[in-house]
Amino acid sequence: MIDPDGYRPNVGIVLMHPDGRVFWARRVHRDGWQFPQGGMNTDETPLEAMYRELREETGLLPDHVAVLGVTPGWLRYRLPPRAIRRHDRLVCVGQKQVWFLLQFTGQDDDLRLDLTDKPEFDHWRWVDFWYPMEHVVTFKRGVYTNALRHLAPFARQVAGPQAVPHRTLPDPRAQRTRVRQRPRGWGGKGDGQVDSGQGGGPGQN
C-alpha cells in the first residue's frame, strides 16, 4: 500500500522498560540497529498494525505491554536513492509513520526474535531513551528525533525525569521530517494518548 506521493503507511514502536531504557535491535545480516517498525495492511488501523508488528518482530503479546502514547500525525522519511526500487509498478520513495510508546510489562524472557520464518532482528539490548536518535541510520534521524521528542513526556510519567532527561533537540524542520494530519483509524483519543481497549497495550521496514 503506497500513497499518491510514494510513501508507504508504516508503524514504529518504542518499547520502553519501566526504568526508561528502550528496546534497540540489530537487523538480521546487517550492522544497522533500529526500533521495531513495519508496513500497514490495507485493512488495518495503525493500532492493529502495531500489535501485529510487535508480535512478529519481538514475540510480545498485548498482555506484555501498556500503550503510553502515540504521535498525533504522520512522520515521514525518504529512502536513500540506492534503496528506491524504480522498476516496481508502484515506486516507494519513503515511509509515513505513526509511532507508539509502549511500556514493557513482561519479562526479558518474553522477548523472542525467532517466531517468524524470516526474523527481522538477530540481537537486542536496552539502551538509554535518547540513544537511538544519534545512532540510527542517518536518513531516519529526523523521524526518530520527532518521535522521541513527542513521546518523551509520556515516558517521563513512568520512568521519571532522571531516566528521560530534557534535551535540546535539533529543529525537526532541519531534519526534513513532516507531520501530516492524524491518520484515519489511528485508535487514539485526546492529546496523543491511545485507548488500548485491553487494559494494557500489545513491505520495507
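Taken together, the values in this text are just the output of simple stated rules run on the coordinates, not laboratory data. Keep in mind that this is a model prediction, so the values were computed, not measured. When we count neighbours, we look across all protein chains shown, and the Cβ atoms used for this are built from the backbone with ideal geometry, even at glycine.
Sorting check: for 114-123, 153-162, which peptide has the highest mean count of neighbouring beta carbons within 10 Å, and how do the rest follow?
Values: 114-123: 12.4, 153-162: 15.7.
In descending order of packing, they fall as 153-162, 114-123.
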Check your understanding: So what's the gap between the Cα centers of the range 2-78 and the range 107-138, to the nearest angstrom?
Key -> 11
Exercise for review: Kindly write out, for the range 29-46 in residue order, the coupling ³J(HN,Hα) from the Karplus curve 6.51 cos²θ - 1.76 cosθ + 1.60 (θ = phi - 60°), rounded to whole Hz, with x marking Gly and Pro.
Suggested key: 6, 9, 9, x, 10, 6, 7, x, 7, x, x, 8, 7, 4, 9, 10, 7, x
Review point. What nm distance separates the two modelled labels at H166 and K118, each placed 7 Å from Cα along Cα→Cβ?
Key: 4.6
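From the C-alpha gyration tensor of the range 1-107, pull out the three semi-axes of the equivalent ellipsoid (sqrt of 5λ each), sorted largest to smallest, in whole Å.
On the way: eigenvalues 135, 51, 29 Å².
For the range 1-107, the ellipsoid semi-axes come out as 26, 16, 12 Å.
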**Study point:** Where labels lie 7 Å past Cα in the beta-carbon direction, separation of R30 and T138 in nm
**Key:** 1.6
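Could you calculate the contour length gain from D108 to W126, that is, 0.36 nm times the residue separation minus the distance between their Cα atoms, to one decimal place in nm?
Gain on extension, D108 to W126, equals 5.5 nm.
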Exercise for review: Could you pull out every residue, at least 5 positions away or on a different chain, whose amide H is within less than 5 Å of the one on V65? Hs are placed 1.01 Å off N in the peptide plane, and Pro or chain starts have none.
Suggested key: T105, G201
Study note, to complete from the structure: The answer for G12, listing residues at least 5 apart or on another chain whose modeled amide H is closer than 5 Å to its amide H, is V98, W99, F100
Exercise for review: Return the distance in nm (one decimal) between the two label points of a simple spin-label model at D3 and R82, each offset 7 Å from Cα along Cα→Cβ.
Suggested key: 2.8
